[in-house]
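**Student:** Can you keep this structure in mind? I'll have questions shortly.
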Amino acid sequence: MKPINCNWMICALIAVVTCSGGLMVGFAAGNAPSAGQILFVAPHGHDSASGSAAAPLRTLAGAQAAIRRLKAAGKFPLGGVKVLIQAGTYYLPKPLVFTTADSGLPQRPIRYVAAPGASVIVSGGQPLQLHWRPWKHGIMQARVPAGLTTDQLWVNGQKQVLARYPAPNAQSESPYHGAITDIFNRDFGQKWGQTMRLLNKIHQHTSESYYAAGSHWPPQVGTQLFAWPAAEAINSKYWKQWKHPEGGIIHVLHPANWGSLDFEIERIHGRLMLVGGWQTNRPGGMPHLGYLENFRVFLTAPGEWYLDTRTSRLYFYPPAGLKLTGAAVEVARRRSLVEFQASSDHPVQFVMMRGLTFEHTLRTFMLTREPVMRSDLTIYRGGAVFFQGAEHCGLVDCNLVDLGGNAVFLSNYNRNVSIRGCLIKNIGASGVSFVGDPHAAQVPEYWGISIPLSRMNMTPDPKTNNFPKNCSVEDCLIHNIGQIEYSAVGVEIDLAEDITVSHCSVYNTPRAGINIGDGCWGGDKVEYCDVFNTVMHTGDNGAFNSWGRDRYWHSPGNIQAMIKQHPNLPFLDVIKPITLCNSRWQCAHGWDIDLDDGRSNYRIYNNVCLQGGLKNREGFGRIVYNNVIVNNTFYPQVWFADCGEKFEHNIVMR
């Protein structure tokens, strides 16, 4: 189906934002004093310089080291330090890592800020100086530095397409902008099914072992479980075309359209193996619809490229009119750009970055393998900007564009971290993710596992503080998310508490726009958001999607009996109500608001559902009022006696 034209919604949302007091662009640490020291950074500077306007530093790492020296010398000024960064592209040889040694104070914050009017780009890429010469059929070739590897290429700032079959059709509305159904041999389906059954057993054993003895979570699944002889798995009509298939990639939809799976051909112990398929937390049948990537034989369309790492030779089929002589060529080289790495005992505090553009990171789909508790998803705990152990830190008015993996990831302990006024677009995986530590939950279950009532821990969550709390995404524009990973979402919340998503527009996503993946621990608020053109290439999901699968979640008959004995059981995990209000929702292949699998304790009011309706399946304590549902209806599924559900004062127009 075609994406709906939502320009009118964006305009209306702007009016709402304006009426509510305009864009909020303050820093989480509050209004910093105007006094303080300024360190200047410029591309022509030098890191041995003083950092003055006349003698600027050259790199962000140089500024970081200068601030540490100020603090060590006892010269950390009232008002803190502002690093004023002049226009230019700053290529990072390695991620910029902030630790507790880089912390500011409430009245001495540290700010990395773009100079007024300056375009400051923090890049994970590497520019290449190439000498092009013809190869064949209009394709050009050039030598690259020995040992160079990459999976993203830009020419004159335009991203190019890694050689693939079928070639993408930008006008196509099908998944992957063009896909095929005959990638795998039929016999592979039986082997895949065996793997999925074994995976279920591993998850069940791990969950039960953890509950009994506190063993490791998440389940540790070795690569050997997800490895098959490539020649036996892949359709021979493709396999026989490849002389050197190592590094070849296969992207396919989950067989139930619950996201995507990714595979790579690797040489293991001298044998070519197909490895991957772990990018889902919900095993299913045989995947089929997808495309082949990173094979030179498929370099057939303008705009495509291929890097032969054996010969250090880059092949590129330039589009019509593109002159490669003097063209700027850049490849991705880093997975992350900036990392806040600390802990709850020794956090990094009061560090803010403002007005910067973060771009050009590697794709991470083969690292997306940690099963998220109770969720359909697996994740990669990483991003272009990564927070762990941060307090009163954040990004303000930044751009995060053309990134191969997650844009922003908040992992485990974080408090009062704000992502505000940011543009996040053209992202390979998810936009902003808040994901805590499974060990912070009293009962960290895999989605399909149920603990008998006689053995159930009845202590309310959480068990530790190792999760994001009191953090926010505000006034952000998030779109064209999940361009590689079809399980990715605009904003992801798991194992977290009191997360605010406010005044955001989220659109053009393959799956949910905003997803809360479990019943831990509530207090979240989504307000004044416009979320549309979601679940574009998958299904059975929502513009807003949420799974429960809390410790009480069993078969419907068991739930009814359990709640009769323990009425508070549904609220041991979601200890605070979650609020959805004053927002608009539209989903292409599912529900506009989808509360699934026991999701409880919600307050849903003053929303407009434009296409998919609203679903409340199996849950307790959900109050839905003053909403407008058009072009669809309300779906109450598997309701229980005395569930405390309310649906009142809503307008439903089907």
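Residue-by-condition table, conditions (1) at positive phi; (2) at pLDDT below 95; (3) surrounded by fewer than 18 Cβ atoms within 10 Å (Cβ to Cβ):
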residue: 242; (1), (2), (3): no, yes, no
residue: 269; (1), (2), (3): yes, yes, yes
residue: 301; (1), (2), (3): no, no, yes
residue: 309; (1), (2), (3): no, no, yes
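**Student:** Another question, then. Counting residues that are over 22 Å from residue 186 (Cα atoms), which strands (runs of 3 or more DSSP E) fully inside the stretch 255-298 reach at least 2?
**Tutor:** Output list reads 260-268.
**Student:** Next up: Residue check, residue 210 against (1) in a helix (DSSP H, G or I); (2) among the aromatic types (Phe, Trp, Tyr); (3) at pLDDT 95 or above, all met but one. Which one?
**Tutor:** If we test residue 210 against (1) in a helix (DSSP H, G or I); (2) among the aromatic types (Phe, Trp, Tyr); (3) at pLDDT 95 or above, just (3) comes out false.
**Student:** Examine the stretch 378-385 for a residue that is hydrophobic (A, V, I, L, M, F, W, C), within 14 Å of the chain's Cα centre (by Cα) and either closer than 30 Å to residue 109 by Cβ or not assigned by TED's automatic domain parsing to the domain that holds residue 492 (or both), and state whether such a residue exists.
**Tutor:** Yes, some residue in the stretch 378-385 is hydrophobic (A, V, I, L, M, F, W, C), within 14 Å of the chain's Cα centre (by Cα) and either closer than 30 Å to residue 109 by Cβ or not assigned by TED's automatic domain parsing to the domain that holds residue 492 (or both).
**Student:** Which residue out of 540, 592, 550, 596 is in contact with an Asp or Glu (Cβ under 6 Å, 6 or more places away or on another chain) and among the charged types (D, E, K, R)?
**Tutor:** None of the other options fit; the residue is 550.
**Student:** Return a yes/no flag: does the stretch 490-498 have any residue that is part of a loop (DSSP other than H, G, I, E, B) and surrounded by fewer than 19 Cβ atoms within 10 Å (Cβ to Cβ).
**Tutor:** yes
**Student:** Also, quick follow-up: Return a yes/no flag: does the stretch 545-556 have any residue that is within 28 Å of the chain's Cα centre (by Cα) and either acidic (Asp, Glu) or within 17 Å of residue 610 (Cα to Cα) (or both).
**Tutor:** Yes, the conditions are met somewhere in the stretch 545-556.
**Student:** Under 9 Å between Cβ atoms, which residue pairs at least 6 apart in sequence (or on different chains) link something in the stretch 378-396 that is crowded, with 23+ Cβ neighbours inside 10 Å with a partner that is part of a loop (DSSP other than H, G, I, E, B) and acidic (Asp, Glu)?
**Tutor:** 389/345
**Student:** Go over the candidates 79, 125 one by one and state the one that is in contact with a Pro (Cβ under 7 Å, 6 or more places away or on another chain) and either at positive phi or crowded, with 21+ Cβ neighbours inside 10 Å (or both).
**Tutor:** 79
**Student:** If you don't mind, there's one more thing I want to ask. For residue 630, all conditions in the list (1) surrounded by fewer than 24 Cβ atoms within 10 Å (Cβ to Cβ); (2) in contact with a Pro (Cβ under 6 Å, 6 or more places away or on another chain) hold save one; what is the number of the exception?
**Tutor:** Only one criterion is unmet by residue 630, namely (2).
**Student:** Mind checking which pairs have a first residue in the stretch 86-107 that is surrounded by fewer than 16 Cβ atoms within 10 Å (Cβ to Cβ) and a second that is at pLDDT below 95, Cβ under 6 Å, 6 or more apart or different chains?
**Tutor:** none
**Student:** Then there's this: Taking the stretch 104-137 only, how many residues are under 18 Å from residue 326 (Cα atoms) and either assigned to a loop (DSSP other than H, G, I, E, B) or aliphatic (A, V, I, L, M) (or both)?
**Tutor:** Summing the residues that are under 18 Å from residue 326 (Cα atoms) and either assigned to a loop (DSSP other than H, G, I, E, B) or aliphatic (A, V, I, L, M) (or both) in the stretch 104-137 gives 5.
**Student:** Checking the condition farther than 30 Å from residue 345 by Cα, exposed (fewer than 15 other Cβ atoms within 10 Å of the Cβ) and touching a helix residue (DSSP H, G or I) at 6+ places or on another chain (Cβ under 9 Å), which residue from 131, 137, 46 passes?
**Tutor:** 46
**Student:** With the checklist (1) of a type in the set (A, V, I, L, M, F, W, C); (2) in contact with a strand residue (DSSP E or B) (Cβ under 7 Å, 6 or more places away or on another chain); (3) at pLDDT below 95 in hand, flag the one item residue 443 doesn't pass.
**Tutor:** The failed condition is (2).
**Student:** From the list 482, 548, 522, 517, pick out the single residue that is of a type outside the set (Ser, Thr, Tyr) and touching a Phe, Trp or Tyr at 6+ places or on another chain (Cβ under 8 Å).
**Tutor:** Only one candidate passes the filter, namely 517.
**Student:** Closer than 18 Å to residue 338 by Cα and surrounded by fewer than 16 Cβ atoms within 10 Å (Cβ to Cβ): which single residue out of 55, 65 fits that description?
**Tutor:** Just a single option satisfies the conditions, and that option is 65.
**Student:** Out of everything in the stretch 232-254 that is part of a loop (DSSP other than H, G, I, E, B) and of a type in the set (Gly, Ala, Ser), what residue ends up being farthest from residue 298 (Cα to Cα)?
**Tutor:** 247
**Student:** Out of (1) over 25 Å from the mean Cα position of the chain (by Cα); (2) more than 24 Å from residue 44 (Cα to Cα); (3) of a type in the set (A, V, I, L, M), what's the single condition that is false for residue 130?
**Tutor:** Among (1) over 25 Å from the mean Cα position of the chain (by Cα); (2) more than 24 Å from residue 44 (Cα to Cα); (3) of a type in the set (A, V, I, L, M), the lone unmet condition for residue 130 is (2).
**Student:** Hey, can you tell me all the residues within the stretch 166-181 that are in a loop (DSSP other than H, G, I, E, B), on the phi > 0 side of the Ramachandran plot and touching a strand residue (DSSP E or B) at 6+ places or on another chain (Cβ under 6 Å)?
**Tutor:** If the condition is that a residue be in a loop (DSSP other than H, G, I, E, B), on the phi > 0 side of the Ramachandran plot and touching a strand residue (DSSP E or B) at 6+ places or on another chain (Cβ under 6 Å), then no residue fits.
The values are calculated or read from the model by the stated rules, or taken from the named source; none is laboratory data. Just so we're clear, the structure is a prediction, and the values are computed from it rather than from any experiment. Glycine also receives a Cβ, built like all others from the backbone with ideal geometry; neighbour counts cover every protein chain displayed.
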